[in-house]
Amino acid sequence: MHHFHYVNGELYCEQVPVAAIAAAVGTPFYLYSTATLTHHFRVFDQAFADMPHLVCYAVKANSNLAILRLFINQGSGVDIVSGGELYRALQAGVDPGKVVYSGVGKRPEEIRFALEQGILMFNIESSQELVAIDQIAGEMGKQAGIALRVNPDVDPQTHPYISTGLKQNKFGINIEKSLSAYRTARDLPNLEIVGVACHIGSQLTQLSPFIETLGRLKELISRLRQEGIAIRYLDIGGGLGIQYHQEKPPHPLEYGQGIQKELAGLACTLILEPGRVLVGNAGILVTRVLYTKEGEEKFFIIVDAGMNDLSRPSLYGSFHGVQPVVEKPRREVKASLVGPICESGDFLAKDRLLPEFSAGELVAIMSAGAYGFSMSSNYNSRPRVPEILVHKDEFYVIRERETYETLIQGEHIPPFLQQEGKG
Ligand code: LLP
């Protein structure tokens, strides 16, 4: 369910015509709906109402301060993977006691920052990281709450780049070896074991890999408990997929029921780290057609947004719906929707039947709320685009468009290059 809909042939976000926002802020821009974000959070959270649980929104999916605040206002915690994400979440007002810190490569200064703030737990991904966190916590006179992120070796059946729970992936500690890593952790003086963590991949469209994983996690938890290692939290990560095209992912309610049924009687607080399912379909990328051209063999629609703004199609071959902002009778054409970047991989839609657009028209790239802006870059020296949040009949610029000045911010020409003809 989302709040992008047509009224008399014009695309609206809640009660605001998308074209009016384009006229005010220019193109391209990301556009999010407050009602959709709120609804997605509520549905997801309520899907776990039968179990003590904490939703820790995965900041990486969309890290804008306003989006973080929106979820925090709903009671959300956060899943972070860097000091930068922690900083953002704190700025947005998160309760540090609701922060879980994942990621294979935490740096000492990031660990220190998180310990200073008193986060809930570190999801540790290697034995060396265990030792590093123990040492830093010791230096600071703190106890670090930890979970081990175990790798259950379950195939999530998703794109290889976003599959993380197979033994050949770099993530987590092999579940077979985790028992001995837990014993090591128990003997380290500055660590407090509080949980078990896992995340097997993203954009999962089936329930079965999650359930298979839970079976293995339950077994691990009971073995840990037999050894007197108390486990209070079970963090099962994120990964629930959304519909981009013809996928049929389980509804969050089905996901919640399946998980709670599997975990019945397990005396643990469940932690969930959803990203995409909360924000993916709550955002679109709005772009304008610059030109159309009949190539030798193909028809191209050239728009003002490129792979630097939305990299998912280029990176993963992902499908995003393409819709007109103003509807009119039009043919469908086999075409590619491409950006201005100097790479043949710069496409938002490739060789697809698309509505026929003409120069000057606005195009909505659908389902762009997750891993859209957060993965954007300045490649080809393109200022990053603004982000706009609609609330009912108002819209708010929640991130300004970058300027040429901000593009070169922090760059310096060293003195030896400043004299012409030298260097
Ligand atoms: N927790 C951990 C430890 C993660 O690594 C991730 C995502 C999540 C939670 C959130 O997963 P989600 O619920 O969003 O599936 N850039 C890719 C997705 C990469 C996901 C990385 N980890 C894409 O655009 O499809």
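Figures for the structure shown
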| item | result |
| --- | --- |
| Share, in percent, of DSSP beta bridges within the stretch 34-276 that are antiparallel, nearest 5 | 5 |
| J(HN,Hα) series, the stretch 105-120, from Karplus relation 6.51 cos²θ - 1.76 cosθ + 1.60, nearest Hz, glycine and proline x | x, 7, 8, x, 5, 6, 5, 4, 4, 5, 5, 4, 6, x, 5, 5 |
| Net charge, residue 121 excluded, C-beta distance under 10 Å - Lys, Arg +1, Asp, Glu -1 | -1 |
| Anchor residue 328: aspartates and glutamates whose Cα lies under 15 Å away (excluding residues fewer than 8 positions away in-chain) | 10, 356, 361 |
| Virtual paramagnetic centre 7 Å along Cα→Cβ of residue 74, amide N under 16 Å, in the stretch 18-43 | 32-43 |
| Amide hydrogen neighbours beyond the local backbone of residue 57, cut-off 5 Å, H modeled | 77, 78, 79 |
| On Cα atoms only, tilt of 127-140 relative to the major axis of the chain in degrees | 80 |
| Radius 10 Å from Cβ of residue 267, net charge of other residues (Lys, Arg +1; Asp, Glu -1) | +2 |
| Over the stretch 333-423, relative contact order from alpha-carbon pairs under 8 Å, at least 6 apart, % | 16 |
| Amide H contacts of residue 399 (H built 1.01 Å from N, under 5 Å, at least 5 apart or other chain) | 387 |
| Reachable lysines from residue 167, criterion Cα separation under 26 angstrom, eight or more residues apart if same chain | 60, 106, 177, 218 |
| Distance between modelled label sites at residue 227 and residue 51, nm, 7 Å Cα→Cβ extension | 2.3 |
| Shape category assigned to the chain from the gyration tensor of Cα positions, a/c cut at 1.5 | prolate |
| Whole-Hz couplings from phi, Karplus 6.51/-1.76/1.60, listed for the stretch 63-74; x for Gly and Pro | 9, 4, 4, 5, 5, 4, 4, 4, 5, 4, 4, 8 |
| Residue 271 long-range amide H proximity, modeled H, under 5 Å | 54, 234, 235, 236 |
| Charge context of residue 372, other residues only, Cβ under 13 angstrom, K/R +1, D/E -1 | +3 |
| Selection from 120, 241, 178, by position along the positive dipole direction of the chain (Cβ) | 178 |
| Calculated from backbone phi, Karplus (6.51, -1.76, 1.60) coupling profile of the stretch 322-329 in Hz, x at Gly/Pro | 10, 10, x, 7, 10, 6, 7, x |
| Two-site label geometry, residue 378 and residue 23: point separation in nm, points 7 Å out along Cα→Cβ | 3.3 |
| Cα-centre dipole for the chain with unit charges at Cβ (Lys and Arg positive, Asp and Glu negative), debye to 20 | 460 |
| Selection from 289, 205, 365 lying farthest towards where the dipole of the chain points positive, charges on Cβ | 205 |
| Fraction of beta bridges assigned by DSSP in the chain that are antiparallel (%, nearest 5) | 50 |
| Full-stretch length increase - residue 343, residue 180 - with 0.36 nm per residue and alpha-carbon distance subtracted | 53.9 nm |
| The stretch 34-276: C-alpha gyration tensor shape, a/c 1.5 cut-off, then a/b vs b/c | oblate |
| Shape category assigned to the stretch 1-100 from the gyration tensor of Cα positions, a/c cut at 1.5 | oblate |
| Helix axis angle, 175-187 relative to the chain longest principal axis, alpha carbon, degrees | 60 |
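No value in this document is a laboratory result; all are computed from the given coordinates. These numbers were taken from a predicted model, which means no experiment stands behind them. No Cβ is skipped: glycine too gets one built from the backbone with ideal geometry, and neighbour counts run over all protein chains shown.
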